[in-house]
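Here is the structure we will look at.
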Amino acid sequence: MRILYVASDQRVPGRTGGSVHVLEVARGLAARGHEVHAVVHRAASAPAREDSDGVHWHRIAWRPPHRFFRFRARRAVEALAAAARAEVVIERYYNFGGEGILAATARGIPSLLEVNSPVVDHPGSAKGVLDALSVVRPLRRWRERLCREATALVAPLPDIVPAFARAKTETVTWGANVRDFSPSRRSDAVRRELGIPDGALAVVFSGSFRPWHGVHVLEDAARRLVARRDIFFVLVGGRAAGEGAGYHGRRLGPQPYAAMPGLLASADVGVAPYDTRRLAQLELGFYWSPLKIFEYMASGLPTVTIGRTPLDEIVREGREGLHVAEADPAALADALCRLADDADARRAMGASARGRVVELYSWQRHCLALQDLLQEIAA
């Protein structure tokens, strides 16, 4: 199929979860034999047109250059849809997007809305309050229009799309690239570069340092373990690199996606200590598909995370890792000590984690599910 994949607010290559998602979906569908034209945001130094990983990348910009004005990319997207002779359009949902869905409607071809954040307002939403100040609720009407225009939707949690659209919504999760993220990428040289002491347990966190990701909980737990010279913490992401503040370890700052397989495989335990109270949207349910957890598991790491659905279904207690209470650094410190003191349990959990993500949570499986749905709506 000729697929136009519109994610015009994302930069590829990039260092965010959204960037990784777009890259893996585009090249995953291309690997299945489809002609994929991906529309992404153009940074000043990036070429406007590039072919790589079997994908035709089209980088566009608009004025003013803010995501709020993404809808102004519609003319460029319509031109690309025509030039590519697209048979189906996928659009990565954003509040002020819609250029892909509307281009598909204008051309009379099917469209798939990829929803990764809530289309509905959570209780107490500031956006919802502002929208309500206008009697006609323009933001909600726009979002709901996109859901109606789309032939089908995909989302990690059906509750984040309007009730009227759930019958045509397929539930899908994100995944990991299980070819690149693998225990075979473990490297003693990387461990030395990171400053991990010989024989120490390396605990890794990767991703955004947004409050609800729980970095504050992890660093509190790390300080409680300062007497354990055999536990070393590596935090990947955030804005700045530096030594751990009051604990054994370091912050690496943002790292390129290509470096992540080696970094994760060279650790011993992955941590995802979400603090969901810090993000009101999660009252709708834990809709965030946990990229970091899938990549830890693919790398053969046992994972410590919170016991909340769907995380407790992905990482089963005592099988692929351990569960701890939210925002409880003492419980997290205790779980890490348990793993540090039981190498056999770590190895068994890591092996189970690798097998589980390969079977259920790979980008390859994700793209197969997308392909099946695209073929169904295009039939």
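The values are calculated or read from the model by the stated rules, or taken from the named source; none is laboratory data. Bear in mind the structure is a predicted one, so any value in this text is a computation, not a measurement. Don't worry about glycine lacking a Cβ; one is built from the backbone with ideal geometry, like all the others, and counts go over all protein chains shown. Quick note on the areas: whole protein, heavy atoms, side chains included, nothing else; ligands and nucleic acids left out. Shrake-Rupley method; radii C 1.70, N 1.55, O 1.52, S 1.80 Å.
Annotation: of all residues in the range 80-133 being among the charged types (D, E, K, R), more than 20 Å from Thr16 (Cβ to Cβ) and open to solvent by 10 Å² or more (accessible area, probe 1.4 Å), the one that is modelled with the lowest pLDDT is Lys127. Elements of the type strands (runs of 3 or more DSSP E) sitting completely within the range 28-68 and holding at least 1 residues that are under 22 Å from the mean Cα position of the chain (by Cα), hydrophobic (A, V, I, L, M, F, W, C) and crowded, with 20+ Cβ neighbours inside 10 Å: these cover 35-41, 55-60. Here the range 157-178 is the region considered, the condition is being open to solvent by 40 Å² or more (accessible area, probe 1.4 Å) and without any contact (Cβ under 8 Å) to a residue 60 or more places away in the chain, and the residue that is farthest from the chain's Cα centre (by Cα) is Phe164. In the range 244-256 there is at least one residue matching the filter, namely being on the phi > 0 side of the Ramachandran plot, free of Cβ contacts under 8 Å to residues at least 40 places away in the same chain and under 22 Å from the mean Cα position of the chain (by Cα).
Among the residues of the range 1-27, write down those that are of a type in the set (S, T, N, Q) and in a loop (DSSP other than H, G, I, E, B). Correct list: Ser8, Gln10, Thr16. Scanning the range 172-195 for residues that are of a type in the set (S, T, N, Q) and at pLDDT below 95 yields one hit, Thr173. Each residue in the range 1-41 was checked for being in contact with an Asp or Glu (Cβ under 9 Å, 6 or more places away or on another chain) and of a type in the set (Ser, Thr, Tyr), and 2 of them qualify.
Under the condition of being buried (at least 18 other Cβ atoms within 10 Å of the Cβ) and in contact (Cβ under 8 Å) with a residue 40 or more places away in the chain, which residue from the range 327-343 is farthest from Leu301 (Cα to Cα)?
Kept after step one, since they are buried (at least 18 other Cβ atoms within 10 Å of the Cβ), are these residues of the range 327-343: 327, 329, 331-333, 335-336, 339-340.
When the remaining residues are screened for being in contact (Cβ under 8 Å) with a residue 40 or more places away in the chain, the result is 327, 329, 332-333, 336, 339-340.
Values: Ala327: 22, Pro329: 20, Leu332: 16, Ala333: 17, Leu336: 13, Leu339: 11, Ala340: 13 Å.
Ranking the candidates gives Ala327 first.
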